[in-house]
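Q: Here it is: the structure, laid out below.
What follows draws every value from the coordinates through simple rules; no lab data is involved. All figures in this text were calculated on a predicted structure; none of them were measured in a lab. All Cβ positions, glycine included, derive from the backbone under ideal geometry; neighbour counts span all protein chains shown.
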Amino acid sequence: MAESSQKTADDDLQGEILEKFSTSSKADKNAMILTKENAEEASVEIYSRKWSMDSFDAQDKVKNLFAKIWKEHDINNKGFIDQSEGYTLFADIIKE
């Protein structure tokens with residue numbers, strides 16, 4: 001049960017942060033995207049909030065792993081991903 005509660009809490013945190021950092025696509029105003037820059041900032045916020053980590057420590061942690069993880073998600077090298085793909089990106093960030 002505790003594991004289920006933590007999963008729900010992680011999902012809620014990710015959803016909140018995705019809403020905060022996603023923007024409308026220039027090509028399709030109805031599509032929400034997460035740019036590389038915003039995704040990195042969002043990842044820092046996830047680390048800060050999930051582990052009650054100082055923002056400078058969170059930035060250092062994210063800086064060391066973000067580029068590799070982003071490359072795995074932005075496979076077409078567009079500089080952004082669909083908002084719905086952000087959950088998987090954040091899950092990978094959290095696992096690290």
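Q: Along the charge dipole of the chain, pointing to its positive end and built from +1/-1 on Cβ of Lys, Arg, Asp and Glu, which listed residue (15, 79, 59) has its Cα farthest out?
A: 79
Q: Residue by residue through region 7-24, what is 3J(HN,Hα) from phi via Karplus (6.51 cos²θ - 1.76 cosθ + 1.60, θ = phi - 60°)? Round to whole Hz and write x for glycine and proline.
A: 4, 5, 4, 4, 4, 5, 4, 4, x, 4, 6, 4, 4, 5, 9, 7, 9, 6
Q: Would you kindly state how much longer the chain becomes between residue 27 and residue 77 on full extension, computed as 0.36 nm times their sequence separation minus their alpha carbon distance, in nm to one decimal?
A: Full-extension gain reported as 16.4 nm.
Q: Here is a follow-up. Please compare each pair in 7/78; 26/50; 50/78; 29/63; 20/50 to a cut-off of 25 Å on the Cα-Cα distance and tell me which ones are over it.
A: On the way: 7/78 30 Å; 26/50 31 Å; 50/78 28 Å; 29/63 30 Å; 20/50 16 Å.
Pairs exceeding 25 Å: 7/78; 26/50; 50/78; 29/63.
Q: For every helix of n ≥ 4 consecutive DSSP H residues, a contribution of -39,500 (n - 2.57) applies; sum these over the chain, divide by its total residues, and give [θ] at 222 nm rounded to the nearest 500 deg cm²/dmol.
A: Taking each H run of at least 4 residues, the total per residue is -22000 deg cm²/dmol.
Q: Of the residues 34, 13, 65, which exhibits the maximal mean-square fluctuation in a Gaussian network model of the chain defined by a 10 Å Cα contact cut-off?
A: Of the options given, 65 has the highest mean-square fluctuation.
Q: Let me ask something additional. Could you tell me how many degrees, from 0 to 90 and to the nearest 10, lie between the Cα long axis of helix 36-50 and the main elongation axis, the longest principal axis, of the Cα atoms of the chain?
A: Roughly 20 degrees, rounded to the nearest 10.
Q: Give me a comma-separated list of calculated 3J(HN,Hα) values for region 77-92, in order, Karplus coefficients 6.51, -1.76, 1.60 applied at θ = phi - 60°, integers in Hz, x for any Gly or Pro.
A: 6, 8, x, 7, 10, 5, 3, 5, 7, x, 4, 5, 4, 5, 4, 5
Q: Then there's this: Quick one: putting +1 on the C-beta of Lys and Arg, -1 on the C-beta of Asp and Glu, what dipole do you get for region 36-96 around its Cα centre, in Debye to the nearest 20?
A: For region 36-96, the charge dipole is close to 120 debye.
Q: Normalized C-alpha radius of gyration of the chain, against 2.2 N^0.38 Å?
A: 1.06
Q: Same structure again: Compute the length gained on full extension between residue 56 and residue 7: take 0.36 nm times their separation in residues and subtract their Cα-Cα distance, giving the result in nm to one decimal.
A: Values: separation 49, 0.36 × 49 = 17.64 nm, distance 2.57 nm.
Taking residue 56 through residue 7 to full extension adds about 15.1 nm, to one decimal.
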